[in-house]
Amino acid sequence: MSYYENLVMQTQMNYSRYYGVYRAGKTPYALSEKPAFPYEEQIHRLVREIEEAECILVGGASGLSAAGGGDFYYEDNASYRKYFGKYAEKYHFNGAFDGMMRPWNSREEFWGYLATFLHTTQTAEVREPYRDLDSLLEGKDFFVLTTNQDIQFIKLYPEEKVAEIQGDHRFFQCSRCCKDDTWDAVKPVEEMIRVMGEGTSVPTELIPRCPHCGAEAFPWVRGYGNFLQGRKYDGEYQKVSKYIQKNQDKKILFLELGVGRLTPMFIQEPFWNLTLNFPRARYIAVNNQYDFLPKDLEDKGMVIVGDIAKVLKDAAEWSE
């Protein structure tokens, strides 16, 4: 098991132990009671911490994409209607993920929906918060760890600078995990979308199947399928582990963006652990809801509570 995956496993055990606390949107850790700096000073401090850091580990979660308009996952809103309109009218799902959890009358209809989902993220432009973050990181030594499956970071950076530990919408796997193998999902999705047109289902012959056993394929993602944790999965964890271990004695900034309460064990709590244990480490989180700074870290970091898109835009403009 890699260095970073071991940290995740430790925090998952903590999550199980205090599940009721997390479910209530809280944390079992003692939090700092220091008053927050005024917003403008927070922005200045964010820019300064980035400038002074010798290296930066970015932890990008769902709130980062949501801030840029990728907010169609959990509610029936304007974004959901824009991309999933025909399914919203027909089934009245409460967001994209809701549709993934419902029973379907046919596999052809299900794959029409899934192809729409994958095509939406595969073809989306790089969202503005990501571009502003990229501007802030220009010229810095950095690495990106993300739980997002929407490939926004991969559209900006080479594979070796990004660890996608929750999967990637560009790949299929066997739904039965018969082999440790992943393959391209982009071209099959393009074909399903083309043939489906204005309809809501795909022809049976276009349903992707495993080249090894013939079972249905499935996106290589955690959350609503039999997620393949094989060579590719291990490789993602190895990348981030090597970056951390290589830089543990440097002035490293752990920059957390948009972590919610469903999965604090993948980015937030490992970042807390690392910041506490690395003598020169610093920590900054940007979150639109949660002001969670452990008391043990109150002299090593801060939390900016606000719209992530606005924070990154203001910081990028200030740094120019």
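Kindly provide the set of residues from segment 26-83 that are among the small types (Gly, Ala, Ser) and assigned to a loop (DSSP other than H, G, I, E, B), ordered by number. The answer is Ala30, Ser32, Ala36, Ala53, Ala61, Gly68, Gly69, Gly70. Inspect segment 201-221 for any residue being within 30 Å of Leu137 (Cα to Cα) and assigned to a helix (DSSP H, G or I) and give the result as yes or no. No.
One residue stands out in segment 1-26 among those that are touching a helix residue (DSSP H, G or I) at 6+ places or on another chain (Cβ under 7 Å) and of a type in the set (Val, Ile, Thr): the one that is modelled with the highest pLDDT, namely Val8. The strands (runs of 3 or more DSSP E) found entirely in segment 246-318 that carry 1 or more residues being small (Gly, Ala, Ser) and at pLDDT 95 or above are 282-287, 301-305. Candidates Leu57, Leu46, Leu31: the one that is of a type outside the set (Lys, Arg), in the same structural domain as Leu312 (by TED's automatic domain parsing) and within 18 Å of Glu298 (Cα to Cα) is Leu46.
Against the conditions (1) modelled with pLDDT of 95 or more; (2) of a type outside the set (S, T, N, Q); (3) under 28 Å from Ala215 (Cα atoms); (4) touching a Ser or Thr at 6+ places or on another chain (Cβ under 8 Å), Val162 satisfies every one except (3). Sub-7 Å Cβ pairs linking a first residue in segment 236-261 that is in contact (Cβ under 8 Å) with a residue 40 or more places away in the chain to a second residue that is in a loop (DSSP other than H, G, I, E, B) and of a type in the set (S, T, N, Q), at least 6 apart or interchain, are Tyr237/Ser2; Gln238/Ser2; Ser241/Ser2, ordered by first then second residue. Inclusion of Asp132 among residues that are closer than 26 Å to Phe254 by Cα and buried (at least 16 other Cβ atoms within 10 Å of the Cβ) is warranted.
Would you be able to say whether some residue in segment 186-207 is farther than 30 Å from Leu312 by Cβ and touching a strand residue (DSSP E or B) at 6+ places or on another chain (Cβ under 9 Å)?
The answer is yes, given that some residue of segment 186-207 is farther than 30 Å from Leu312 by Cβ and touching a strand residue (DSSP E or B) at 6+ places or on another chain (Cβ under 9 Å).
Checking each residue in segment 270-285 for being buried (at least 23 other Cβ atoms within 10 Å of the Cβ) and in contact (Cβ under 8 Å) with a residue 60 or more places away in the chain picks out Pro270, Phe271, Trp272, Ile284.
Among the residues of segment 86-136, the one identified as touching a Ser or Thr at 6+ places or on another chain (Cβ under 7 Å) and among the hydrophobic types (A, V, I, L, M, F, W, C) is Leu136.
A quick yes/no check of all residues on (1) within 18 Å of Tyr243 (Cβ to Cβ); (2) buried (at least 19 other Cβ atoms within 10 Å of the Cβ); (3) hydrophobic (A, V, I, L, M, F, W, C); (4) touching a Leu at 6+ places or on another chain (Cβ under 7 Å):
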residue	(1), (2), (3), (4)
Phe143	yes, yes, yes, yes
Lys155	no, no, no, no
Glu159	yes, no, no, no
Met192	no, yes, yes, yes
Gly199	no, no, no, no
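Counting only strands (runs of 3 or more DSSP E) that sit completely within segment 118-192, those holding 2 or more residues that are touching a helix residue (DSSP H, G or I) at 6+ places or on another chain (Cβ under 7 Å) and of a type outside the set (Gly, Ala, Ser) correspond to 142-146, 167-174.
The values are calculated or read from the model by the stated rules, or taken from the named source; none is laboratory data. Since we're looking at a predicted model, the values are computed, not measured. Virtual Cβ from ideal backbone geometry, glycine too; neighbours counted across all protein chains shown.
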